1. Per 5 Å bin, what is the whole-percent P(r) computed from every C-alpha pair distance within the range 102-163?
2. Which value in nm describes the separation of the simple spin-label points at residue 157 and residue 115, placed 7 Å from the Cα toward the beta carbon?
3. What Kirkwood hydrodynamic radius, in Å, does the range 52-163 give when the mean of 1/r is taken over all pairs of distinct Cα atoms and then inverted?
4. Using a cut-off of 26 Å between alpha-carbon atoms, which lysines can reach residue 113, once sequence neighbours fewer than 8 places away in the same chain are excluded?
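A short reminder: the numbers here are calculations on the coordinates, not readings from a lab. Owing to the predicted nature of the structure, the values given are computational and were not obtained by experimental measurement. Reconstructed Cβ throughout: ideal geometry from the backbone, glycine too, with neighbour counts over all protein chains shown.
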Amino acid sequence: MSQYGASNMGSISGTKKFGASTGFVDGGMGSTHFNQTHTSVVGSQQTTANLKGKLSALQEMINQLNEELNFHKKEVSILKSEKETLESVLTVKTQDVRKTLTNELFRVEEGMKRHYAHQKAENSRLQQQVTTLKGEKTALEQQMLSLQRRIAELEDQIGNDED
């Protein structure tokens, strides 16, 4: 607004110069009336021109703001589209990772079940061997006791025979 106010002041001072150049400065007959009439006509034309200038400046500003608004709307639209694309990509990737992890978990669980069953069978086999070995040990201990008794009997017989 100060931009237009400054040009308005220059225009008014221009009218005084115009009035001064007409030669009626000395206060000749009708000079005051001519200057006032001329000033009011020129002033109203300048006011109209200033209003038109202000309106065109405002219209230009509105146009620029509309262009800027449209640019930002397009930018927001693009960003929303990119966001939706990223969300769908992330959803697909999340589903892929979930599927991969589920398959891996299933595979590991199946492997553990197999190994558990194998280990259980191995433990059972080893337990049977331990039981068998304990039985054999007991049998050997009994044979050893029996042989020790027999040796003791034989020693007694030999000892008695020598007497």
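1. Each 5 Å bin holds this share of Cα pairs: 5, 14, 10, 9, 8, 9, 6, 8, 5, 6, 4, 4, 4, 3, 2, 2, 1, 0.
2. Placing both labels 7 Å beyond Cα along the Cβ direction yields 6.2 nm.
3. Computed over the range 52-163, the radius equals 24.2 Å.
4. The reachable lysines, counting only those whose Cα sits under 26 Å from residue 113, are 99.
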